[in-house]
1. Looking at region 506-514, is at least one residue surrounded by fewer than 14 Cβ atoms within 10 Å (Cβ to Cβ) and touching a Ser or Thr at 6+ places or on another chain (Cβ under 6 Å)?
2. Given the options ALA272, ALA245, ALA237, name the one that is surrounded by fewer than 21 Cβ atoms within 10 Å (Cβ to Cβ), part of a helix (DSSP H, G or I) and in contact with a helix residue (DSSP H, G or I) (Cβ under 6 Å, 6 or more places away or on another chain).
3. Quick check, is ALA141 small (Gly, Ala, Ser), assigned by TED's automatic domain parsing to the domain that holds LYS95, within 17 Å of the chain's Cα centre (by Cα) and on the phi < 0 side of the Ramachandran plot?
4. How many residues are touching a helix residue (DSSP H, G or I) at 6+ places or on another chain (Cβ under 7 Å) and farther than 22 Å from TYR96 by Cα if we restrict to region 363-380?
5. Looking at ASN300, is it more than 13 Å from ARG332 (Cα to Cα), in contact with a Cys (Cβ under 9 Å, 6 or more places away or on another chain) and in a loop (DSSP other than H, G, I, E, B)?
6. Tell me yes or no: at least one residue of region 137-148 is outside any loop (DSSP other than H, G, I, E, B) and either basic (Lys, Arg) or more than 20 Å from ARG37 (Cα to Cα) (or both).
7. Condition test on TYR47, is it in a helix (DSSP H, G or I) and either in the same structural domain as ASP140 (by TED's automatic domain parsing) or farther than 18 Å from MET201 by Cα (or both)?
8. Output the helices (runs of 4 or more DSSP H) that fall wholly within region 424-508 and possess 1 or more residues being touching a strand residue (DSSP E or B) at 6+ places or on another chain (Cβ under 7 Å) and within 30 Å of MET364 (Cβ to Cβ), or say none.
Amino acid sequence: MAYQDHIIEMSQLIQSKNGTWDGIDAESVARMRLQNRFKTGLEIARYTADIMRRDMAAYDADSANYTQSLGCWHGFIGQQKMISIKKHFGTTDRKYLYLSGWMVAALRSEFGPLPDQSMHEKTSVPALIEELYTFLRQADARELGMLFRDLDAARAAGDAAKEEALQDAIDNFQTHVVPIIADIDAGFGNAEATYLLAKKMIEAGACALQIENQVSDEKQCGHQDGKVTVPHEDFLAKVRACRYAFLELGVDNGVIVTRTDSLGAGLTKQIAVSHAPGDLGDQYNSFLDCEEITPDKLSNGDVILNRNGKLLRPKRLPSNLFQFRPGTGEDRCVLDSITSLQNGADLLWIETEKPHVEQIAGMMDRIRAVIPNAKLVYNNSPSFNWTLNFRQQVYDAWVAAGKDVSAYDRARLMSVDYDTTDLAIEADERIRNFQADGAKRAGIFHHLITLPTYHTAALSTDNLAKEYFGAAGMLGYVLNVQRQEIRQGIACVRHQNMSGSDIGDDHKEYFAGEAALKAGGVHNTMNQFA
């Protein structure tokens with residue numbers, strides 16, 4: 001509904017109250033309505049699910065239309081990302097937020113910093129989704145509030161052209177509310193536990209849930225050792241639980257991202273149930289590391305598989321886990337991915353040990369031979385040493401091409417000594433183009449960085465501490481923080497405005513008129529940053 005339509009509707013409602021609501025200003029109500037477009041998390045989930053579906057269709061039509069996101073651990077962080085995106089690019093199109101379970105565990109658990117092993121309170125995940133959307137909605141209210149103030153100023157100045165332009169900007173305002181891809185880990189328990197948590201996350205506003213095929217009580221970070229996967233039927237039960245949660249809550253377009261950790265997972269806790277040769281359970285078990293035995297070689301407690309008349313004993317470790325054959329990771333990833341897409345998943349996530357377009361594309365080519373529109377969400381992880389990986393990729397490509405690499409030591413390529421070399425320059429170009437190349441060659445619809453603000457906060461805090469507590473003193477803050485905020489137009493330099501002070505002043509005026517005691521007067525020091 002347009003701004004003027006809200007005003008007309010409210011005016012008619014106020015008039016219908018026979019004077020008892022005459023203290024209510026229709027235009028003020030219209031402004032508050034527009035500043036609070038989304039009333040519930042489910043409204044957000046439905047709205048953002050539609051965005052993701054449109055973006056997926058646009059990517060299918062042209063792989064240049066890939067999407068991106070950055071991981072969040074606090075509502076303020078997510079808000080600043082979207083404010084910055086609108087400032088620099090004028091639109092939030094194809095830009096999302098990612099909610100990282102790793103960062104929830106490391107930064108938001110009541111137990112203190114935890115590893116990424118699903119030990120944090122699962123309720124902290126929907127709580128963060130709700131917090132992120134609270135901050136994004138406040139970003140809407142702040143930006144619209146500034147437009148309303150400019151509109152009042154244009155009216156007061158009699159500038160009809162500017163008034164019309166501002167009216168158009170209000171009617172065509174693009175919200176900061178964008179899709180959040182939310183990490184539900186391995187579901188925090190059985191399928192019922194997954195369903196219950198999924199509902200909470202969707203009710204908080206999540207339109208996309210990312211779930212992985214690890215064992216819940218053995219869950220590890222995707223880039224650490226000791227990962228244990230589950231048989232496909234166990235995983236698919238959780239995928240269906242997520243879909244039931246979406247459908248129950250009326251988010252029919254909800255997106256499920258199924259992640260396979262099989263590339264780096266050499267273990268399973270269970271042997272899959274198999275009813276016939278070649279069924280899904282049999283395929284899962286076919287990757288087990290087994291030895292053929294005869295009945296006289298059986299030991300007490302042995303688990304035995306019968307395959308084509310042969311007795312096979314899977315290798316069982318002291319941990320009571322079973323081991324997969326080395327070198328089967330890619331085959332298992334392909335089977336996991338195809339099976340997920342054939343059973344209700346919308347997008348894939350293949351966790352890899354390095355960022356290598358051709359490695360990813362090799363698996364996606366096999367998947368797309370079966371499901372042509374298969375699309376990938378890819379973790380551009382800070383767990384990778386991007387500089388070293390890409391310099392080594394260039395080095396290896398040069399060797400394969402017969403190019404002279406005698407000036408380089410492959411083991412030392414991270415060294416600053418190589419930063420200005422042709423090899424390093426080519427590696428940086430490959431990093432620059434990695435997302436576009438991955439979208440075109442490897443079917444990557446969505447690129448994300450899981451933990452960016454964890455690292456940026458650490459880096460900036462370290463630099464500030466070094467300067468402020470050192471010889472620079474206060475200049476360390478002023479020169480490297482505040483002056484840069486002013487020069488670069490960072491909205492946070494007016495932190496009172498960012499925290500909602502001006503919105504509060506507007507409300508005080510709505511509620512009390514000329515009697516309002518406002519904070520934004522001439523003595524407010526934030527005026528120094530006008």
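1. Scanning region 506-514 turns up no residue that is surrounded by fewer than 14 Cβ atoms within 10 Å (Cβ to Cβ) and touching a Ser or Thr at 6+ places or on another chain (Cβ under 6 Å).
2. Going through ALA272, ALA245, ALA237 in turn, just one is surrounded by fewer than 21 Cβ atoms within 10 Å (Cβ to Cβ), part of a helix (DSSP H, G or I) and in contact with a helix residue (DSSP H, G or I) (Cβ under 6 Å, 6 or more places away or on another chain): ALA237.
3. When the stated conditions are applied, ALA141 does not pass them.
4. The total comes to 5.
5. So ASN300 does not fit the description; no.
6. Within region 137-148, one or more residues are outside any loop (DSSP other than H, G, I, E, B) and either basic (Lys, Arg) or more than 20 Å from ARG37 (Cα to Cα) (or both).
7. It is true that TYR47 is in a helix (DSSP H, G or I) and either in the same structural domain as ASP140 (by TED's automatic domain parsing) or farther than 18 Å from MET201 by Cα (or both).
8. Answer list for region 424-508: 434-441, 452-468.
The values are calculated or read from the model by the stated rules, or taken from the named source; none is laboratory data. Keep in mind it's a predicted model, so treat the numbers as computed, not measured. Every residue, glycine as well, gets a Cβ built from its backbone with ideal geometry; the counts of neighbours run over all protein chains shown.
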